[in-house]
Each structure stands twice: as C-alpha cells, then as structure tokens.
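Every read-out reported here was derived from the displayed coordinates using simple, explicitly stated rules and does not represent laboratory data. Source: prediction; values computed, not measured. Using ideal geometry, Cβ is built from the backbone for each residue, glycine included, and neighbour counts are taken over all protein chains shown.
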Amino acid sequence: MAIIEIRSLTKTFGKIRAVRGIDLTIEKGEIFGLLGPNGAGKTTTIGMLCTIIRPTSGNGIIAGFDIAKHPTQVRQNVGIVFQDPTLDTILTGRENLQLHARLYGIPARDRSRWIEEMLELVDLTERADDLTKTYSGGMRRRLELARGLLHRPAVLFLDEPTLGLDPQTRARTWEYIRKMAQKERTTVVLTTHYMEEAQLMCDRIGIIDTGRIIALDTPGNMIDMLGGDIVAINSPSPPLNKILSLPYVSAIKTVGDTIEITMKSAHLHLAEILSLIDNVVSVEIRKPTLNDVFIKLTGRDIRQEDADNGGGWVETIARYRQRGK
Amino acid sequence: MAGAGLKPSPGIDSGENEGMNSHNVQRELLGISAVWWREFKVFWREKSRIISSVVQPLMWLFLFGSGIGASLSVGSVNYRDYIYPGILTMSVIFGSVFFGLYIIWDRKLDVLKAVLVAPVTRISIFFGKVLGGCTDVLLQVAILFAFSFLFPSINPWGIPLAFLLLLVTSIALVSLGLALGSLLESLEGFQVISAFLIFPLFFLSGALFPIDEKLPSWLGGLVKINPLSYTVDGVRGALLGINTHPIYIDLGIITLFAAVMLILGSILFSRMK
C-alpha cells in the first residue's frame, strides 16, 4: 500500500528552481532515504510534504490526504525531526513531550502513558525531568525522535538526523531510528549525505541532484548497477586488452600507474587476473559504495559539494543563519 | 490552492481551509491551552523575572512616589497614592509588550518551529500566546494589588473593575508586542521599540501627572490620542474616584483598541515566516 504518492512536485523560490518535478511512491513501512549534496532540494521536498512549504505546482498525497487541500490532516499524520534542534530548552524532556501531545490532540487519558512509552524507547526515562538545556547533543536528538513519533504518525520525516553528532552517537541514533521504525511499522523518510549510513539503513533510496530524482532503487541494486567490485592494481605495464576481454570484467579505468578494474565477484577471479599481470606493485579490492553510484551518475563526489557548495546556496544560507546565533 | 509561492523564503501554511466542526473546535481549544500551558510553565520557572517585575513598580511607588509625595499632592490625594493606578498600568505596558516581543527570541532559537508545524492553526497559537502573556502580566498586577493596603486613599472595592480594565489593556498590548515581534527579524529592533513606542506610551498616558487644563496643549493632545490614557483614567476612577471620563467610556475605548490589536496581531502572526 502506498503511503506517499508524489506527482510532478515543484518548488520555485524566485528564480531558483529548488525542486523540479519529483515523482515518487513510497510504501507503508519502508525506510526511504533521499540522498544528495547540500542544496539538491532534499529539505525543500520534505518541507512540502510536511505542508511547511507550499508547492509551486504538482501534488502529493500522504496517508490518503492531499498536502495542498488537507494540510491539517497531513500534519496530524506526519512526524518531523528538523535538521536544526527545535526543543524548548526552558522545559524538561517530559514537558516538551506534554506540549507536543496537547498540540497534536492526543486524548488526556492516553497522554502520560504514550509519553512514558516513548521516553523508555529512547532511554531518557531517568533524565525526563531535567531541563533539556542540560542534555547532550545525542540526548536532544533522541528526545526529538521521541517527540516526532509521539502522536503515532503514519510517516516520520527525518531531515539529516545525524548531522553534527559524533560518529559514536550517530551509530546509536540510527539504532533508535530503526527501533522506532519497527514499532507500528512507521514509514520513515530521511535525508542524509552520509552515504554509508544510508546504505545500511534504507530499504530504498532516491538520489536527488539539482532538484530532480536521478536514481531510485534499493542500495544493493544501485551498487550492482556499477558492475561489481573495484580492483585497483598498481603495475607499470598491464595487458589492458587481455583483461578487458575476460567475461566477468565490465570496465577498466587507468589512473596514472594504477588500473581500476570493475568486475563481478573479485574474490573468485583475482588470482586469474593477477596471473596475467607482471610486476604487480600493489592490489586493492574495494566494494563500491553509494558514493561511487553518485559519482557515476553525476560525475561529481557528493562530499565535494560540501566544500564548494556548488549551487546549493539557498539551503546553505538558511543553515548558516540558524547556526550563527 | 496551488499557491503562487513566490516568496523568497519558505512561508508556513496554517491549514485553515477546512470546515470547522466540533472536533476541529475541540482540537483548536486544546492547541490554545497547550501554548498557554507552555507560557505559564516558563513564567513560573523564571522566578527571578517575576520578582524583578514586581520590585520595579514598587520602587517607583515607594522611592519615586514617596519622594515627590513629600512635597506634592494632587487634590486631596497624596502623590504616591495618586500614581498607584499609573504604575499598575506601567507594569502592564512593559510586561505585555516585552512578552510579545519575546517571540523574536523564540524564533531565533527555533523554539516556535516545532509548534508551528503542529496540526493547529496559527490563529490558535496566537491566542494561546496572548492568553499566556495576559496571565503572566495579571499575576504581577495581582501581587501589586496585594500591596494596596499600604496606600490609604485606595478603595479596595474598586479593585475588580481596575483588574478588568488592566486585563483588556494587557490583551491589547500583548497582541501589539506579538505583531511587532512577527515583523522584526532581529533583536536590534528591540531598543528602537522600547525608546520610540513603549516609553512614549507610558509617559503620555497620564500615569505620573494629572491630565487637566494646566497641561500644555501639545502634550494634552498627545495624551488624548494615546489609548492607554483611558486605562489610567479608568483605573484611577475605580481606585481613587478621580476620573475625567465616565469609566464605561474608558472601558469602551480600550476594548476597541484591544479588538484592533487582536486582529492586527493575528494577521501579522499568521503571515510570519
């Protein structure tokens, strides 16, 4: 059953076409990742689905409700964890959840029980009565996750849920997200530009670049699309034609003294390849990652975009403004 | 409603285009009470703010009022007692407008963001804020009323009417503060509003001096167009029996002022980015 259906969703900010016609169907219970560099349109897309941003054109249905015609029902059926922290730091953890419970119309008789349940799920029961300004970054994130799921939404949107957390906390946060997704089979739609994490977490991935979805598949299929493993061999005079004629080799790329062979099941065929090459200096076998998929599709490295922020200034400025306080 | 969203930054829809049925009304009321509850929690937590907000007017009354009162009385009333209604109004002016302006800070810290995506209309969130602000301010007023026995000229039976006048004034001024807070992007505007709006509203309300024919005409004219002059007049009438206008006129004018501010505030708050 499709829980989210998007048809030609578009958003233009002045002259900037942030989202240029996205079509997407997401099934109930899926963990779906929207991947792309900063400024690709991820946050804008999520904003439109949460009815925070009004689409310029196109439409979207979430849990049976149209995002333009029935925003209140859509809001009732989605939970959101924003990229930047939005906890009320003058309130305690429990009070933050109580405020949210009232705002989402959770009946008085269920309120405290649901709150206790969520606090337990994110291991914050013991700190629940401390002001959230005393929480660590990881704890704040967890409380926000609990808040996003408190009213039992059909879809939970997570915008860069692990941005700004240290690697250890990031790994733990993903554990919580997985745990929460399993509870009540909540559909999770997340954005991230940590490719490795997306690969591990998501059932399906949409790669988004300059406002368009350029690939949509499971992480496994996407990586298979690259034609297998990558074997990098450093050797002065490799017999390129001989190697390329092997049935399991799909491509060869030469980078200086190194050749990069794309091939299926490298561990089975490595010996045969090496027997063809004299004077091997070094060998490296690498499983391709989603980042390789991104490079193949766009010719750019996803993290390169972080450094020079090509084209992504709308989101970037918004982010600086929020950080710089 | 495929909106012509040509705004440079993401606006937030309030989602009001559904028919109001009893379920929706109930949901909105719960939303209003949620925001109200939050404001009250925050207020109660910051005890130091409550204390300073009560101590300041008491200093005006006892340090300023007693000092001037030593050599001055207005009619048969001691100056210190005479300004008591004015100082009550002053507490309401400062408390209410600053409460409203505080949303600039909330927005900076993204505290409002999570509230604004809830399935509750912007208008309800606005009304919750107004109620929260009025509650804070009127609690301060109630504490000041508790000191009224120290002012021999004050008629305690006038307190309920004075309270009503101050409540309506507080609704007007919290709305005004929220309206300005919705427009301002940064806290720099805060000083400007303080200097060019709040202090003139206070000085021109007749809080500290009687409004009679002795005033220079330019000053008298400015006082007359200040809606808060009618609060001071009404409260002074209720507590001291000294008023220029009938109290129902005072109440009528500030109610009108409050209605205009509520409408203005809810429009600006709904449009806030």
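Could you count how many residues in the stretch A:203-232 are part of a helix (DSSP H, G or I) and either over 15 Å from A:Thr298 (Cβ atoms) or touching a Gly at 6+ places or on another chain (Cβ under 9 Å) (or both)? Walk me through it before giving the result.
We begin by selecting, within the stretch A:203-232, every residue part of a helix (DSSP H, G or I); these are A:219-224.
Those still in the list that are either over 15 Å from A:Thr298 (Cβ atoms) or touching a Gly at 6+ places or on another chain (Cβ under 9 Å) (or both) too: A:219-221, A:223-224.
Final tally of qualifying residues: 5.
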Positions within the stretch A:46-83 being in contact (Cβ under 8 Å) with a residue 60 or more places away in the chain, under 19 Å from the mean Cα position of the chain (by Cα) and at the interface with chain B (Cβ under 8 Å from one of its Cβ atoms), in sequence order:
A:Cys50, A:Ile80, A:Phe82
Mind checking which residues of the stretch B:103-120 are facing chain A (nearest Cβ under 7 Å), under 14 Å from B:Met272 (Cα atoms) and either in a helix (DSSP H, G or I) or touching a strand residue (DSSP E or B) at 6+ places or on another chain (Cβ under 7 Å) (or both)?
B:Lys108, B:Lys113, B:Val115, B:Val117
Within the stretch A:70-123, considering residues that are out of contact with any Asp or Glu (no Cβ under 9 Å at 6 or more places or on another chain) and over 16 Å from A:His151 (Cβ atoms), the one surrounded by the most Cβ atoms within 10 Å (Cβ to Cβ):
A:Leu91
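Among the listed residues B:Leu173, B:Leu166, B:Leu138, identify the single one that is closer than 13 Å to B:Leu88 by Cα and either surrounded by 24 or more Cβ atoms within 10 Å (Cβ to Cβ) or touching a Phe, Trp or Tyr at 6+ places or on another chain (Cβ under 6 Å) (or both). Working first, answer last.
On the way: B:Leu173 fails: closer than 13 Å to B:Leu88 by Cα; B:Leu138 fails: either surrounded by 24 or more Cβ atoms within 10 Å (Cβ to Cβ) or touching a Phe, Trp or Tyr at 6+ places or on another chain (Cβ under 6 Å) (or both).
Just one listed residue meets the conditions, B:Leu166.
Within the stretch A:233-273, count every residue that is on the phi > 0 side of the Ramachandran plot and either under 32 Å from the mean Cα position of the chain (by Cα) or part of a strand (DSSP E or B) (or both). Break it down into steps so the answer makes sense when it comes.
Keep residues of the stretch A:233-273 that are on the phi > 0 side of the Ramachandran plot, which gives A:256, A:265.
If we keep only those that are either under 32 Å from the mean Cα position of the chain (by Cα) or part of a strand (DSSP E or B) (or both) as well, we get A:265.
Qualifying residue count for the region: 1.
Could you list, in sequence order, all residues of the stretch A:95-141 that are charged (D, E, K, R), outside any helix (DSSP H, G or I) and closer than 22 Å to B:Val111 by Cα?
Within the stretch A:95-141, the subset charged (D, E, K, R) is A:95, A:102, A:109-111, A:113, A:116-117, A:120, A:123, A:126-127, A:129-130, A:133, A:140-141.
After this cut, where a residue has to be outside any helix (DSSP H, G or I) as well, the list is A:123, A:129-130.
Selection gives A:Asp129, A:Asp130.
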Residues located in the stretch B:73-87, provided they are of a type outside the set (Val, Ile, Thr) and surrounded by 12 or more Cβ atoms within 10 Å (Cβ to Cβ):
B:Ser73, B:Asn78, B:Tyr79, B:Arg80, B:Asp81, B:Tyr82, B:Tyr84, B:Pro85, B:Gly86
